[in-house]
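Remarks on the structure that follows.
The values are calculated or read from the model by the stated rules, or taken from the named source; none is laboratory data. Keep in mind it's a predicted model, so treat the numbers as computed, not measured. Methodologically, a virtual Cβ is constructed for each residue, glycine included, from the backbone with ideal geometry; neighbour enumeration extends over all protein chains shown.
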Amino acid sequence: MDAHLRAGVAIFNAGEHHAAHDAWEDHWLDLQRGTDDERFLHGLIQFTAAVHHAHGNNWAGVRGLAESGAGYLADLPSTYREVNVGRVREYLRAASADPEHVERVAVPRLTHEGTAIVPEDLDFEAAGVAAHALAEEYAYDETVVERGVAFGRADLEDGRATSPFVTLVMDFARDEANRGLVFQRLREHVSKRQHREEDVEGLFD
């Protein structure tokens with residue numbers, strides 16, 4: 001869960017409020033309903049959705065999501081899994097009472113282990129989750145990112161000192177200004193690696 005949690009927190013703090021829920025959603029869907037972890041992620045997802053609706057001045061949507069999000073987080077401690085849940089809950093309660101609160105008060109930054117982490121703070125596993133969420137958000141080919149993550153993970157498990165897949169996946173998550181160029185390079189490396197592996201497999205057919 002830690003990689004998904006940190007990925008969502010980091011890209012949320014980078015302003016990717018809508019994409020952040022994608023980093024949490026796949027893991028959340030696998031959790032048993034009503035557990036603390038399930039309510040925790042459900043509340044964060046509702047929080048990001050409320051912020052997203054505020055950008056479109058959908059005040060009814062903000063009110064409903066803020067109310068339900070605060071409800072999911074209601075019984076959790078103010079710090080849960082090292083995230084500042086209490087601050088989020090306070091913001092949601094204020095927004096449910098007055099949806100336009102979101103226009104007057106800055107959206108709270110999420111903290112993990114006391115730090116408002118951003119994509120530059122992520123390790124490879126968390127950066128891979130963030131990269132996948134951002135690929136989905138901006139309609140990049142998610143398969144390329146998934147294969148890049150898999151190849152990078154394999155390189156790390158093989159003990160390689162460097163891997164272009166690790167570097168490019170992390171850059172994709174971190175470098176908004178050059179994300180398109182980074183994706184092109186990642187796609188090229190993925191294609192070359194696939195062809196090389198297919199050639200090796202062909203030798204044994």
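Report yes if residue 129 is β-branched (Val, Ile, Thr), over 26 Å from residue 79 (Cα atoms), outside the structural domain of residue 48 (by TED's automatic domain parsing) and in contact (Cβ under 8 Å) with a residue 40 or more places away in the chain, otherwise no. Spell out the reasoning first.
Values: β-branched (Val, Ile, Thr): yes; over 26 Å from residue 79 (Cα atoms): no; outside the structural domain of residue 48 (by TED's automatic domain parsing): yes; in contact (Cβ under 8 Å) with a residue 40 or more places away in the chain: yes.
Against the criterion (β-branched (Val, Ile, Thr), over 26 Å from residue 79 (Cα atoms), outside the structural domain of residue 48 (by TED's automatic domain parsing) and in contact (Cβ under 8 Å) with a residue 40 or more places away in the chain), residue 129 does not qualify.
Criterion first (assigned by TED's automatic domain parsing to the domain that holds residue 50, in a loop (DSSP other than H, G, I, E, B) and basic (Lys, Arg)) does residue 109 satisfy it?
Working: assigned by TED's automatic domain parsing to the domain that holds residue 50: yes; in a loop (DSSP other than H, G, I, E, B): yes; basic (Lys, Arg): yes.
Considered against the rule, which asks whether it is assigned by TED's automatic domain parsing to the domain that holds residue 50, in a loop (DSSP other than H, G, I, E, B) and basic (Lys, Arg), residue 109 comes out as yes.
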So residue 9 fits all but one of (1) surrounded by 19 or more Cβ atoms within 10 Å (Cβ to Cβ); (2) modelled with pLDDT under 90; what number is the exception? (2)
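Out of 42, 27, I need the residue that is assigned by TED's automatic domain parsing to the domain that holds residue 86 and surrounded by fewer than 20 Cβ atoms within 10 Å (Cβ to Cβ). Which one? Can you show your working first?
Numbers: 42 fails: surrounded by fewer than 20 Cβ atoms within 10 Å (Cβ to Cβ).
After applying the criteria, what remains is 27.
Just checking: which of the helices (runs of 4 or more DSSP H) contained wholly in the range 119-205 hold 1 or more residues that are among the hydrophobic types (A, V, I, L, M, F, W, C) and within 24 Å of residue 48 (Cα to Cα)?
Values: elements: 124-137, 142-157, 164-174, 179-202.
Hits in the range 119-205: 124-137, 142-157, 164-174.
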Do you know which of the residues in the range 61-86 that are free of Cβ contacts under 8 Å to residues at least 24 places away in the same chain and surrounded by fewer than 16 Cβ atoms within 10 Å (Cβ to Cβ) is nearest to residue 1 (Cα to Cα)? 79
From the residues in the range 135-148 that are touching a residue at least 24 places away in the same chain (Cβ under 8 Å) and not aromatic (Phe, Trp, Tyr), which one is surrounded by the fewest Cβ atoms within 10 Å (Cβ to Cβ)? 141
Unmet requirement for residue 111, which otherwise passes all of (1) surrounded by fewer than 20 Cβ atoms within 10 Å (Cβ to Cβ); (2) touching a helix residue (DSSP H, G or I) at 6+ places or on another chain (Cβ under 7 Å); (3) of a type in the set (S, T, N, Q): (2)
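Checking the condition over 17 Å from the mean Cα position of the chain (by Cα) and surrounded by 13 or more Cβ atoms within 10 Å (Cβ to Cβ), which residue from 160, 174, 185 passes? Break it down stepwise before answering.
Working: 160 fails: surrounded by 13 or more Cβ atoms within 10 Å (Cβ to Cβ); 174 fails: over 17 Å from the mean Cα position of the chain (by Cα).
Step by step, each of 160, 174, 185 is checked, and only 185 is over 17 Å from the mean Cα position of the chain (by Cα) and surrounded by 13 or more Cβ atoms within 10 Å (Cβ to Cβ).
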If you take the residues in the range 87-108 that are of a type outside the set (Val, Ile, Thr) and closer than 30 Å to residue 170 by Cα, which one is surrounded by the fewest Cβ atoms within 10 Å (Cβ to Cβ)? 106
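Residue by residue, here is whether (1) more than 26 Å from residue 136 (Cβ to Cβ); (2) of a type outside the set (Phe, Trp, Tyr); (3) out of contact with any strand residue (DSSP E or B) (no Cβ under 9 Å at 6 or more places or on another chain) holds:
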position: 10; (1), (2), (3): no, yes, no
position: 15; (1), (2), (3): no, yes, yes
position: 19; (1), (2), (3): no, yes, yes
position: 24; (1), (2), (3): no, no, yes
position: 32; (1), (2), (3): no, yes, yes
position: 42; (1), (2), (3): no, yes, yes
position: 46; (1), (2), (3): no, yes, yes
position: 65; (1), (2), (3): no, yes, yes
